[in-house]
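Worksheet for the structure shown next.
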């Protein structure tokens with residue numbers, strides 16, 4: 001059963017542990033560039049088609065200078081990624 005209060009508490013926890021970044025022009029342009037890189041990588045390896053959100057998250061990590069931690073196979077061998085899958 002869905003409980004609004006429980007969902008709100010979880011979201012508050014996530015917000016407290018997260019760095020909230022506004023998607024500005026710099027991130028949007030980098031996301032456009034990285035989308036095509038990720039798309040071509042995925043196509044060569046017969047992986048799922050990336051979403052624009054994938055590109056925005058990756059571009060944001062790149063712009064702010066942090067490594068992206070993920071279990072998504074789409075990012076397995078891409079620079080700047082810490083892959084924790086498999």
Set of segment 49-78 residues, backbone N closer than 16 Å to the point 7 Å along the Cα-Cβ line of residue 43: 49-52
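Can you order the peptides 58-71, 20-33 by their average number of other Cβ atoms within 10 Å per residue, highest first?
Working: 58-71: 15.4, 20-33: 12.4.
Put in order of decreasing packing, that is 58-71, 20-33.
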Enter the angle in degrees (range 0 to 90, nearest 10) between the Cα long axis of helix 25-44 and the first principal axis of the Cα atoms of the chain, meaning the one along which they spread out most. 60 degrees
On C-alpha positions alone, give me the angle between the axis of helix 4-16 and the longest principal axis of the chain, in degrees, nearest 10. 50 degrees
Matching label, Rg/Rh (Cα atoms, Kirkwood Rh) computed from the structure shown, candidates [x] 1.05; [y] 1.10; [z] 1.15: [x]
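Read the figures in this text as sums done on the coordinates, not as results from a lab. On a predicted model such as this, the values are computed, not experimentally measured, just so you know. Note that each Cβ is placed from the backbone with ideal geometry, even for glycine, and that neighbours are counted across all protein chains shown.
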